[in-house]
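Written out below as structure tokens is the structure these notes cover.
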Amino acid sequence: MKKAAVLVVNPVNGAGLFQYLEAFFENGIPFRTFAVAPTTNIKTNSGVALTTDDTVANLRGHESEYDALVFACGDAMPKFGENAAAAHNQDMLAVMKAFDAAGKTMVGHCAVALLYDGAGIGGGRRVALHPFLKNVVQNVIATDEAAVVDGNFYTAQTENTIPALLPEVLKTLKKQ
């Protein structure tokens, strides 16, 4: 079984996050959650308080301990835009780059393709992304598909299309 690191933005879309976590739990896939924040105390978009296992700062430099990186979206882009230079956002981008450089499985939905694009990773890869972002990305290839797997990149348009992506993600993470 492969082990997943789950990046959880603050605030996170609980509907998306819990689909990943429940699928991993139900299928025996080990995972740890990492807040993209200075603290493990975060909230969902609807205000539900959550505590992650750790922060992204403590994932940085330990990427080799995980086989997959999962990005649970939320108010990612507005919050990223407000705090792009914050240490936790810079740590998140560094972690994404490290996972990509190692050719590890990269999973996410909604705005993850825009983050990949901005971080300079995923260039030339076909991705599913939130329809509002389709004309914004420059180096990834935006599609109208609900979910797309292109090499080690697994993307879904929104939290509503994660179910179309999960079977492929689970198949990959269950491999020895």
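The values are calculated or read from the model by the stated rules, or taken from the named source; none is laboratory data. Quantities reported herein were computed from a predicted structural model and do not represent experimental measurements. Here the Cβ is made from the backbone with ideal geometry for all residues, glycine too, and neighbour counts use every protein chain on show.
Which residue pairs have Cβ atoms closer than 7 Å, lie 6 or more positions apart in sequence or on different chains, and pair a first residue in the range 14-40 that is under 20 Å from MET96 (Cβ atoms) with a second residue that is of a type in the set (S, T, N, Q) and surrounded by fewer than 20 Cβ atoms within 10 Å (Cβ to Cβ)?
Matching pairs, first to second residue: THR40/THR51.
Give me the pairs, please: first residue somewhere in the range 132-157 and free of Cβ contacts under 8 Å to residues at least 12 places away in the same chain, second residue anywhere and in a strand (DSSP E or B) and surrounded by 15 or more Cβ atoms within 10 Å (Cβ to Cβ), beta-carbon distance under 9 Å, and either six or more positions apart or on two chains.
Pairs found: LYS134/ALA142; ASN135/ALA142.
ALA113 versus (1) under 13 Å from CYS73 (Cα atoms); (2) touching a Ser or Thr at 6+ places or on another chain (Cβ under 7 Å); (3) modelled with pLDDT of 95 or more; (4) not in a strand (DSSP E or B): which is the lone unmet condition?
Answer for ALA113: the failing condition is (3).
For the range 94-116, does any single residue satisfy the condition of being surrounded by fewer than 20 Cβ atoms within 10 Å (Cβ to Cβ), closer than 20 Å to ASN13 by Cβ and either in contact with an Asp or Glu (Cβ under 7 Å, 6 or more places away or on another chain) or of a type in the set (Gly, Ala, Ser) (or both)?
The answer is no; no qualifying residue exists.
Return the residues of the range 49-81 that are of a type in the set (A, V, I, L, M, F, W, C) and modelled with pLDDT of 95 or more; say none if nothing qualifies. Break it down into steps so the answer makes sense when it comes.
Taking the range 49-81 first, the residues of a type in the set (A, V, I, L, M, F, W, C) are 49-50, 56-57, 59, 68-73, 76-77, 80.
Answer for the range 49-81, where residues must be of a type in the set (A, V, I, L, M, F, W, C) and modelled with pLDDT of 95 or more: ALA49, LEU50, VAL56, ALA57, LEU59, ALA68, LEU69, VAL70, PHE71.
Condition first: within 24 Å of LYS97 (Cα to Cα), surrounded by fewer than 21 Cβ atoms within 10 Å (Cβ to Cβ) and of a type outside the set (Asp, Glu). Now tell me which residues in the range 150-165 satisfy that.
Those that are within 24 Å of LYS97 (Cα to Cα), surrounded by fewer than 21 Cβ atoms within 10 Å (Cβ to Cβ) and of a type outside the set (Asp, Glu): GLY151, ASN152, THR158.
Quick one: in the range 1-45, of everything that is aromatic (Phe, Trp, Tyr) and surrounded by 19 or more Cβ atoms within 10 Å (Cβ to Cβ), which residue is nearest to LYS174 (Cα to Cα)?
Step one: list which residues in the range 1-45 are aromatic (Phe, Trp, Tyr), which gives 18, 20, 24-25, 31, 34.
Of the ones still in play, those that are also surrounded by 19 or more Cβ atoms within 10 Å (Cβ to Cβ) are 20, 24, 31, 34.
On the way: TYR20: 14, PHE24: 10, PHE31: 12, PHE34: 21 Å.
Step by step, filter the range 1-45, then rank; the result is PHE24.
Yes/no matrix, rows are residues, columns are (1) under 23 Å from ALA85 (Cβ atoms); (2) in contact with a strand residue (DSSP E or B) (Cβ under 6 Å, 6 or more places away or on another chain):
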residue	(1), (2)
VAL6	no, yes
PRO11	yes, yes
PHE18	no, no
ALA23	no, no
GLU26	no, no
PHE34	yes, yes
ILE42	yes, yes
LEU50	no, yes
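What number of residues within the range 118-176 are touching a Phe, Trp or Tyr at 6+ places or on another chain (Cβ under 6 Å), at pLDDT below 95 and at negative phi?
0
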